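Quick notes on the structure that follows.
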Amino acid sequence: MDVTTTKAKQPSINGTSVGAKKQELKAYFKQTWAEYESLFALVNDDSAYYLRPERLRHPLIFYFGHTASFYINKLMLGKFISKRLNSKLEAICAVGVDEMSWDDLNSGHYDWPSVDEVRTYRDQVASLVENLIDEMELTLPITQDSFAWIILMGCEHERIHIETSSVIMRMLPLQYLSATKAWKTCEDSGKALQNELIPISGKTIEFGKPSSDETFGWDNEYGHDSLTLNDFSASKYLVSNQEYLAFVNASGYKKPEFWTEEGQQWLAFTKATMPRFWIDKGLQGDEVVYWQRNLLNEMPLPLNWPVEVNYLEAKAFCHWKNSLVTSAGKEFIRLPTEGEWLCLRDKVNGDIANWQKAPANINHEYYASSCPVEQFEHDGLFDIIGNVWQWTESTIDGFHGFSVHPLYDDFSTPTFDGKHNLIKGGSWISTGNEAQKYSRYAFRRHFFQHAGFRYVQSNAEQLPNLEANHYETDKLIAQQLHSQYGCATSAMPVAAKNYSQQITDHVASALQKYNLATDKCLDLGCSVGRSSFMLAQCFSHVDGVDFSARYIRHCVNLQQGKSVRYQLENEGDIVDFHEVDLQKADLPCSENIHFSQGDASNLKNIFTGYDAVLAQHVLEHNYEPRIFLQQIHQRLKANGLLIIVSSYDFDEQQTSKENWLGGIKVNGENVTGFDGLSLLLAPHFTLLEQHQLTRVLKNNRRHFTLSFPQISIWQLRS
């Protein structure tokens with residue numbers, strides 16, 4: 001084994017010395033940063049940064065800049081810094097890293113920076129963060145609202161992208177990569193041992209990262225649930241290339257009966273006939289010769305290494321394996337659930353924070369590749385952790401008590417849709433939080449990672465999973481869904497139209513009154529999207545943009561003809577469950593809307609050339625509303641409309657007081673929000689009209705919030 005250099009340990013959130021903790025944080029940041037740079041140093045030709053070997057991912061140039069811009073965007077959001085380093089780059093590299101259907105993966109929409117520009121930017125960010133660590137105020141233990149937590153979050157975020165970027169590099173032509181000693185492929189391969197099923201005793205599993213744990217965790221790890229498992233059996237080894245080859249040779253990719261409906265659709269789209277990282281070298285006699293592509297080399301298919309496939313392929317293999325069993329009443333083979341994997345995980349002692357040396361091919365301590373499945377034993381089973389991630393039958397959801405972290409509210413909740421299955425155990429390159437027992441990462445079922453699987457056998461009629469909860473439980477989002485799409489009988493009995501209807505009625509009236517163009521509209525702060533669906537009846541194209549993907553995902557689901565579920569408090573612990581769709585809301589399912597995530601004060605350059613811009617409560621939910629108002633005219637065509645909806649109720653938690661537009665005294669005189677708005681728009685806009693709106697939000701059965709925001713309509717002077 002070729003062991004790489006010693007890895008920095010995750011800093012504990014506890015400690016007794018502030019100075020020592022700062023040094024520990026700084027060392028972890030620098031080691032994480034160096035590991036990322038080391039990975040990208042494998043690319044020997046800058047042109048490779050702009051290739052798209054994976055259609056569901058951005059080119060590498062995005063990821064090279066993304067992890068650095070993440071620090072700036074989160075530090076700005078948390079008001080730990082007040083100035084950006086490179087607004088253009090930080091907009092381009094901000095979002096779009098998961099293969100969500102609403103991600104903008106059209107390269108034509110991106111003016112990618114040069115590699116040298118990103119290198120310079122990364123140097124600037126590294127210097128800034130190191131200085132901030134030195135100068136920050138720090139109290140121990142580190143809490144989730146601490147600046148130090150953001151540093152840990154940035155480190156763990158970058159460690160995730162060490163792995164995801166390595167997957168993309170694995171798809172590049174080898175000519176663009178140069179091997180180094182720090183990234184050495186395992187050279188040990190041979191025939192695989194016969195796999196077998198090992199009995200596992202059932203037990204009660206407690207879910208959720210313990211509050212006593214002293215390391216950083218993502219929001220989806222916290223909370224609590226429990227589940228009692230029956231006895232089951234688990235495969236001794238991960239499924240090897242050799243074991244999976246039998247499925248391929250049995251024409252498994254050509255037999256739809258082994259594939260789920262989703263799997264059949266994926267096969268039809270991709271025309272796949274073998275795992276993504278296998279290479280067909282042609283016939284040798286009557287047999288096909290396969291090789292395997294690793295990160296930095298190709299080699300004859302290592303039969304005793306784990307196969308690397310997506311969930312759909314793993315599921316099909318299990319169906320095929322069951323087809324070989326003909327005896328009645330036989331227990332069925334399937335993928336394990338999250339609970340069953342946790343049951344196996346109890347066989348591994350300790351965790352990454354207290355290992356002197358990893359007891360598995362993990363943490364990049366051994367190889368820059370997988371290795372034989374019989375190399376690392378854990379109490380009778382092999383590779384419970386490490387080597388490759390393991391697909392499960394569990395879709396990700398929040399535990400009871402789940403709470404979104406306010407500075408990264410899009411990390412988990414967009415995946416709580418029943419379409420993202422958990423992968424467990426980590427791979428050879430998984431470090432930091434990824435390698436922890438309680439980490440929870442999930443991907444779409446067609447997605448490729450350094451991931452394989454093991455199988456279990458059980459006679460349970462139902463999968464031993466926690467009960468799925470795909471109802472939106474976030475109160476703020478549920479309120480918006482109810483306000484915009486809820487039935488009239490459940491709303492407050494007040495003489496007012498639907499709030500979104502009020503807004504779009506004023507927009508439609510202004511378009512007609514002033515005889516304005518209706519080609520293209522930008523709906524900023526679109527929330528859960530009703531205004532965008534209504535504006536699409538007036539304009540040829542609408543861009544619906546919101547700061548949070550937690551809102552956008554509901555817009556997309558509705559646009560795709562799906563229903564959205566949410567729950568609202570009725571009284572105390574009693575909740576009401578609701579389900580809405582566009583048909584119930586009497587709205588057309590418009591295809592001329594593109595929903596995306598964006599920062600109103602730092603939009604991508606593609607958001608321009610509009611006949612109208614509607615900004616809904618963007619001012620009071622913006623950390624720099626003045627910048628937004630000073631620049632928004634650049635997004636409009638001549639004579640275009642700017643429609644501002646605001647209650648001007650600025651909050652220091654979101655907007656520093658020096659950035660408030662109003663609600664303040666200047667030179668002893670009262671300045672309202674509309675005063676400040678008018679002053680900033682005066683150089684470019686003429687006020688056409690203003691009106692009062694009525695907004696109702698339901699808190700529970702007997703408690704509603706009533707407010708009276710203002711809508712003002714402005715025209716850009718030509």
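In region 44-73, of all residues being charged (D, E, K, R) and within 27 Å of Asn421 (Cα to Cα), the one that is surrounded by the most Cβ atoms within 10 Å (Cβ to Cβ) corresponds to Arg57. Got at least one residue in region 484-501 being among the hydrophobic types (A, V, I, L, M, F, W, C), assigned by TED's automatic domain parsing to the domain that holds Asn699 and part of a helix (DSSP H, G or I)? Yes, region 484-501 contains at least one residue that is among the hydrophobic types (A, V, I, L, M, F, W, C), assigned by TED's automatic domain parsing to the domain that holds Asn699 and part of a helix (DSSP H, G or I). Checking each residue in region 22-72 for being in a helix (DSSP H, G or I), touching a Gly at 6+ places or on another chain (Cβ under 9 Å) and more than 21 Å from Phe216 (Cβ to Cβ) picks out only Phe62. In region 344-352, the count of residues that are surrounded by 22 or more Cβ atoms within 10 Å (Cβ to Cβ), touching a strand residue (DSSP E or B) at 6+ places or on another chain (Cβ under 7 Å) and more than 20 Å from Tyr471 (Cα to Cα) is one or more.
So which residues in region 622-639 are under 27 Å from the mean Cα position of the chain (by Cα) and either acidic (Asp, Glu) or not in a loop (DSSP other than H, G, I, E, B) (or both), if there are any at all? Of everything in region 622-639, those that are under 27 Å from the mean Cα position of the chain (by Cα) and either acidic (Asp, Glu) or not in a loop (DSSP other than H, G, I, E, B) (or both) turn out to be Glu624, Pro625, Phe628.
Close Cβ contacts (under 7 Å, 6 or more residues apart or on different chains) running from residues in region 214-227 that are in the same structural domain as Gly339 (by TED's automatic domain parsing) to residues that are buried (at least 19 other Cβ atoms within 10 Å of the Cβ) and of a type in the set (D, E, K, R) comprise Phe216/Glu156; Gly217/Lys209; Asn220/Arg440; Glu221/Lys209; Glu221/Arg440; Tyr222/Lys209.
Exactly one residue out of Ile151, Ile142 is in a helix (DSSP H, G or I), touching a Phe, Trp or Tyr at 6+ places or on another chain (Cβ under 7 Å), touching a residue at least 24 places away in the same chain (Cβ under 8 Å) and within 25 Å of Glu24 (Cα to Cα), and it is Ile151. Which residues, counting only those in region 569-579, are buried (at least 16 other Cβ atoms within 10 Å of the Cβ) and at pLDDT 90 or above? The answer is Glu569, and nothing else.
Exactly one residue out of Thr395, Thr413 is farther than 23 Å from Ile352 by Cβ, surrounded by 22 or more Cβ atoms within 10 Å (Cβ to Cβ) and of a type outside the set (Phe, Trp, Tyr): that is Thr413.
Just to be sure, is Ser189 outside any loop (DSSP other than H, G, I, E, B) and small (Gly, Ala, Ser)?
Numbers: outside any loop (DSSP other than H, G, I, E, B): no; small (Gly, Ala, Ser): yes.
So Ser189 does not fit the description; no.
The residues on offer are Val373, Val288, and the sole one that is farther than 29 Å from Ser201 by Cα and either of a type in the set (A, V, I, L, M, F, W, C) or free of Cβ contacts under 8 Å to residues at least 60 places away in the same chain (or both) is Val288.
How many residues does region 278-290 contain that are surrounded by 11 or more Cβ atoms within 10 Å (Cβ to Cβ) and closer than 18 Å to Ala246 by Cβ? If you could, list the steps in order and put the result at the bottom.
Keep residues of region 278-290 that are surrounded by 11 or more Cβ atoms within 10 Å (Cβ to Cβ), which gives 278-281, 288-290.
If we keep only those that are closer than 18 Å to Ala246 by Cβ too, we end up with 278, 280, 288-290.
Matching residues across region 278-290 total 5.
Within region 12-43, take every residue that is in contact with a Pro (Cβ under 6 Å, 6 or more places away or on another chain) and farther than 30 Å from Val115 by Cα and give me the one that is surrounded by the fewest Cβ atoms within 10 Å (Cβ to Cβ). Going through the qualifying residues, I end up with Asn14.
Per-residue answers, yes or no, for (1) of a type in the set (A, V, I, L, M); (2) modelled with pLDDT of 95 or more; (3) under 30 Å from Leu39 (Cβ atoms):
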position	(1), (2), (3)
Lys271	no, yes, no
Ile279	yes, yes, yes
Asn297	no, yes, yes
Val307	yes, yes, yes
Ala314	yes, yes, yes
Thr337	no, yes, no
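Please work out if Ile150 is farther than 13 Å from Thr431 by Cα, buried (at least 20 other Cβ atoms within 10 Å of the Cβ) and either out of contact with any Lys or Arg (no Cβ under 6 Å at 6 or more places or on another chain) or of a type outside the set (S, T, N, Q) (or both). So Ile150 fits the description; yes.
May I ask you to list the residues in region 681-709 that are in a strand (DSSP E or B) and over 23 Å from His482 (Cβ atoms)? Steps first, answer last, please.
Filtering region 681-709 down to residues in a strand (DSSP E or B) leaves 685-692, 695-700, 703-707.
Listed by number, the residues that qualify are Phe685, Thr686, Leu687, Leu688, Glu689, Gln690, His691.
Within region 282-289, can one find any residue that is over 19 Å from Ala451 (Cβ atoms), touching a Leu at 6+ places or on another chain (Cβ under 8 Å), part of a strand (DSSP E or B) and not polar (S, T, N, Q)? Yes, because at least one residue in region 282-289 is over 19 Å from Ala451 (Cβ atoms), touching a Leu at 6+ places or on another chain (Cβ under 8 Å), part of a strand (DSSP E or B) and not polar (S, T, N, Q). Can you tell which of Phe533, Phe595, Phe577, Phe539 is part of a loop (DSSP other than H, G, I, E, B) and among the aromatic types (Phe, Trp, Tyr)? Selected residue: Phe539, the only one of Phe533, Phe595, Phe577, Phe539 that is part of a loop (DSSP other than H, G, I, E, B) and among the aromatic types (Phe, Trp, Tyr).
The values are calculated or read from the model by the stated rules, or taken from the named source; none is laboratory data. Note that this is a predicted model, so its numbers are computed, not measured. A quick note on method: Cβ atoms are made from the backbone with ideal geometry, for glycine too, and the neighbour counts reach across all protein chains shown.
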